[in-house]
1. Given the criteria at pLDDT 90 or above, among the polar types (S, T, N, Q) and surrounded by 16 or more Cβ atoms within 10 Å (Cβ to Cβ), does S178 qualify?
2. I'm trying to understand the selection: among the residues of region 139-160, which are more than 30 Å from R79 (Cα to Cα) and buried (at least 16 other Cβ atoms within 10 Å of the Cβ)?
3. For region 184-282, which helices (runs of 4 or more DSSP H) that fit wholly inside it have 3 or more residues that are without any contact (Cβ under 8 Å) to a residue 12 or more places away in the chain and closer than 30 Å to K163 by Cβ?
4. Could you tell me whether region 194-205 includes any residue that is on the phi > 0 side of the Ramachandran plot and assigned by TED's automatic domain parsing to the domain that holds S256?
5. Being outside any loop (DSSP other than H, G, I, E, B), among the hydrophobic types (A, V, I, L, M, F, W, C) and at pLDDT 85 or above is the filter here, so list the residues in region 9-64 that pass it.
6. Does at least one position in region 112-124 carry a residue that is in the same structural domain as L44 (by TED's automatic domain parsing), within 24 Å of N51 (Cβ to Cβ) and of a type in the set (S, T, N, Q)?
7. Of the residues E189, E174, E136, E131, which single one is acidic (D, E) and either in contact with a Ser or Thr (Cβ under 6 Å, 6 or more places away or on another chain) or farther than 19 Å from K73 by Cα (or both)?
Amino acid sequence: MKFKLSNFCIILSLFLISAKNVESEINSKIIATVDNQIITSYELKNKIRTNIILNNDEMSQENINKLKSVSLKNLINFRLKKKELIKANLFNNEINTDEFISRISKNYSDNFEDFKKIFELNNLSYDLYKEEIKIELAWQQLILSLYGNKVKIDENEVDKELKTIIDTQKNFIEYKLSELEIQITKSKEIDQTVNEIQNLIEKDGFENTAIKYSISLTAMDGGNLGWVNANSLSDKILNIVNKLKIGDVSEPIFQSETILFIKLNEKKKLDKNEINIVETKNRIINQKQNEVLNLFSSSHLSKIRNSASIELK
């Protein structure tokens, strides 16, 4: 049997790919441990390079340095979430990550396959990227399963609130908002974290930064909260949103364990005769439910972080 040159080329290619993978493993070192899970320098490098390339930024040392701290925190959060998901038997559940990635891939390429090629052409791990998406989607399921029945919104109170608004106000104001929430780990790192996130928002856009770094349950949708009635917002948030112009992002809003950024996407004023009462009521209920679930999500992540053994090498 003749040995074709094409066969030799295939074998050589496979050998080179294998050798390259071995070299990557050899050059990779452990940079952090989260309980019994490790984070390697290869994963950190891959995450930083993925963010830079997907955002079409320059692969400069300055950009790499800006992403190091927030990327490592993100990887630690993924390890914490993954361990909790495995414990709850949710990590191996059927989760349609491809459908979700296909939707967000339109921000980066013409189609899903072209998006995947970006990883291949730049020697990036698509599998690591996909696993992060899977973890985030599964985490949403976990929070809903743990706390969904604890989110009780009194519809009668909402009806009374809505009636008062209709009786006393001539106009309704609604805001189309996005949110980005970051966990506070150490008080001495707050200023650094705020600066990093603000730089990323300015460079990569609010939605992209939310997808990659927000711990909110809306993260996978770019932080999108949709249309929110002004009266469903807390006084603190409403005062901040009222001062924003369309497209503006708020200054950091410090909460007990997190830092919140709000973006104002659109604003509209409606005469009360134009209001769809059922739709408005549902929006108010959804907003209140999301706020409570986000609090549970943040609190749950903080709880498992406090009980975890996290060591930076």
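The values are calculated or read from the model by the stated rules, or taken from the named source; none is laboratory data. Not measured: the values here are computed from a predicted model. Cβ placement follows ideal geometry from the backbone for every residue including glycine, while neighbour counts extend to all protein chains displayed.
1. Values: at pLDDT 90 or above: yes; among the polar types (S, T, N, Q): yes; surrounded by 16 or more Cβ atoms within 10 Å (Cβ to Cβ): yes.
Here the answer is yes, as S178 does meet what is asked.
2. Step one: list which residues in region 139-160 are more than 30 Å from R79 (Cα to Cα), which gives 152-160.
Listed by number, the list holds a single entry, V158.
3. It comes to 235-242.
4. There is at least one residue in region 194-205 that is on the phi > 0 side of the Ramachandran plot and assigned by TED's automatic domain parsing to the domain that holds S256.
5. Matches in region 9-64: I30, I31, A32, V34, I38, I39, L44, I48, I52, I53, L54, I64.
6. yes
7. Numbers: E189 fails: either in contact with a Ser or Thr (Cβ under 6 Å, 6 or more places away or on another chain) or farther than 19 Å from K73 by Cα (or both); E136 fails: either in contact with a Ser or Thr (Cβ under 6 Å, 6 or more places away or on another chain) or farther than 19 Å from K73 by Cα (or both); E131 fails: either in contact with a Ser or Thr (Cβ under 6 Å, 6 or more places away or on another chain) or farther than 19 Å from K73 by Cα (or both).
Result of the check over E189, E174, E136, E131: E174.
Conditions (1) more than 30 Å from K245 (Cβ to Cβ); (2) touching a residue at least 12 places away in the same chain (Cβ under 8 Å); (3) part of a helix (DSSP H, G or I); (4) touching a Leu at 6+ places or on another chain (Cβ under 8 Å), marked per residue:
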| site | (1), (2), (3), (4) |
| --- | --- |
| F78 | yes, yes, yes, no |
| L146 | yes, yes, yes, no |
| N156 | yes, no, yes, no |
| E174 | no, yes, no, yes |
